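First the structure, in the form of structure tokens, and then the observations on it.
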Amino acid sequence: MVRLDNKLARIRGGLYQRSDFIIADAKDPDMGPGLHAVGPARGAGGATTRFATRAEFLDSIAAVIKQDVVDIMLTSASNLEQLAKRKAFAGTGVKPAIRANDTTDIWRHRGGTFHHAPSRPFRTASLAHVKPFTDLGLYSITFTNDIDADIASLEAFKEFRADAASNGFSYFLEVFNPNVERGLSAEAIPEFVNDAIVRCLAGLTEAERPQFLKIAYNGPRALEELASFDPGVVVGVLGGGAGTARDCFELIRQAEKYGARVALFGRKINLAESPLDIVRLMRAVADGSLTPLEAVKDYHAALQKQGLKPIRALAVDTAITESVLLAA
């Protein structure tokens, strides 16, 4: 079994320790925003003048896999196929996974406005074609408080579960906050999302349920409420925007403290000056061996040692800038 299976077994068995906290790298931006979201190509000293090519992006993914610290590497189906040809996962405990659907709220093309309408279900990847490379995928759903849009999303989710069962495929469920305004106040959104998740899962047998959840961190109260409701449901958080290094490490700390057992970060890793150091320090914070502030200082020391110019000065990078993290 890969590390992920062992960790999930211990978490569900009530044997969780901080070393069991699951870290996933979301290297799937080509499935949503497209070309521009793969991030910049970094030259000498960390200089950026253009977007990375697909080959460079694949190299960066392979480097994180080889480091063997993350537990899951999430990519597009097409990129996983290429990584499989490279045998990138051989000799590691990293579990490959694909983004199994690409709903319209993640279509953030330059100049595009798709994401301004209630999320619509859509699925590009074929589970049958990707099965030779992995049996795990991320399925995403966004509840918007728009009855027609939400029913369409739930119907598509039902079809996906049937397809997954017929292909021997498991999944984890990503639930975004509403992508449009439909009468919910900022204070009501966390409660709405929690209720939508519980209602969504209530009709599913154990065989149909996701391996774990991936949700926005909506603060301690909302996370504790959901994580404590049903110990059989493993709750994880998504990374959100790039933010400061302190934001990254603080989110890990707070998520673990208030009941999350998984963190799936994309931009916080991909856009970092040194992705491998960010990953290394995420693990240290999750394990409790470093505080978020200590991790930021360690990160900047690593950048200096490598001759990499930091995006933000140390004094700026130690600040918490995401409002939800200030509430704890």
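Quick one: would you say D68 is touching a strand residue (DSSP E or B) at 6+ places or on another chain (Cβ under 7 Å), under 26 Å from S289 (Cβ atoms) and acidic (D, E)?
Numbers: touching a strand residue (DSSP E or B) at 6+ places or on another chain (Cβ under 7 Å): no; under 26 Å from S289 (Cβ atoms): yes; acidic (D, E): yes.
When the stated conditions are applied, D68 does not pass them.
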* To do: State all residues of the range 82-101 that are under 16 Å from V2 (Cα atoms) and assigned to a loop (DSSP other than H, G, I, E, B); if no residue qualifies, say none.
  => K87, A88, F89, A90, G91, T92, G93, V94
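Take the residues in the range 1-18 that are hydrophobic (A, V, I, L, M, F, W, C) and part of a helix (DSSP H, G or I); name whichever of them is most open to solvent (accessible area, probe 1.4 Å). Explain how you work it out, then say what you get.
Looking only at the range 1-18, we keep the residues that are hydrophobic (A, V, I, L, M, F, W, C), and these are 1-2, 4, 8-9, 11, 15.
Narrowing the set further to residues that are part of a helix (DSSP H, G or I) leaves 4, 8-9, 11.
Working: L4: 8, L8: 5, A9: 60, I11: 23 Å².
So, considering only residues that are hydrophobic (A, V, I, L, M, F, W, C) and part of a helix (DSSP H, G or I), the one most open to solvent (accessible area, probe 1.4 Å) is A9.
Within the range 55-65, is even one residue within 21 Å of S170 (Cβ to Cβ) and hydroxyl-bearing (S, T, Y)?
Keep residues of the range 55-65 that are within 21 Å of S170 (Cβ to Cβ), which gives 65.
Now drop any that are not hydroxyl-bearing (S, T, Y), which leaves none.
Within the range 55-65, not a single residue is within 21 Å of S170 (Cβ to Cβ) and hydroxyl-bearing (S, T, Y).
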* Only residues in the range 298-318 that are under 12 Å from E273 (Cβ atoms) count as the first member; pair them with residues that are open to solvent by 70 Å² or more (accessible area, probe 1.4 Å), Cβ under 6 angstrom, at least 6 apart or cross-chain, and list the lot. => H300/L314
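Just to be sure, is S76 at pLDDT 95 or above, surrounded by 16 or more Cβ atoms within 10 Å (Cβ to Cβ) and among the hydroxyl-bearing types (S, T, Y)?
Against the criterion (at pLDDT 95 or above, surrounded by 16 or more Cβ atoms within 10 Å (Cβ to Cβ) and among the hydroxyl-bearing types (S, T, Y)), S76 qualifies.
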* First in the range 37-63 and free of Cβ contacts under 8 Å to residues at least 12 places away in the same chain and over 27 Å from K95 (Cα atoms), second anywhere and of a type in the set (V, I, T) and assigned to a strand (DSSP E or B), Cβ under 7 Å, 6 or more apart -> G43/T49
* Please find, within the range 271-292, the residue that is most open to solvent (accessible area, probe 1.4 Å) out of those that are β-branched (V, I, T) and free of Cβ contacts under 8 Å to residues at least 60 places away in the same chain. => T291
* To do: Name every residue in the range 7-42 that is touching a strand residue (DSSP E or B) at 6+ places or on another chain (Cβ under 9 Å) and more than 29 Å from G112 (Cβ to Cβ), in order of residue number.
  => K7, L8, I11, F21, I22, I23
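Working carefully through the options L184, L251, L154, L223, find the one that is surrounded by fewer than 23 Cβ atoms within 10 Å (Cβ to Cβ) and touching a strand residue (DSSP E or B) at 6+ places or on another chain (Cβ under 8 Å). Even if it seems obvious, please write down each step before you answer.
Numbers: L184 fails: touching a strand residue (DSSP E or B) at 6+ places or on another chain (Cβ under 8 Å); L251 fails: surrounded by fewer than 23 Cβ atoms within 10 Å (Cβ to Cβ); L223 fails: surrounded by fewer than 23 Cβ atoms within 10 Å (Cβ to Cβ).
None of the others qualify; the one that does is L154.
The values are calculated or read from the model by the stated rules, or taken from the named source; none is laboratory data. In this text, all values refer to a predicted model and were calculated from it rather than measured experimentally. Positions of Cβ are backbone-derived with ideal geometry, glycine not excepted, and every protein chain shown enters the neighbour counts. These area figures cover heavy atoms from the full protein model, side chains too; ligands, DNA and RNA do not enter into them. Shrake-Rupley method; radii C 1.70, N 1.55, O 1.52, S 1.80 Å.
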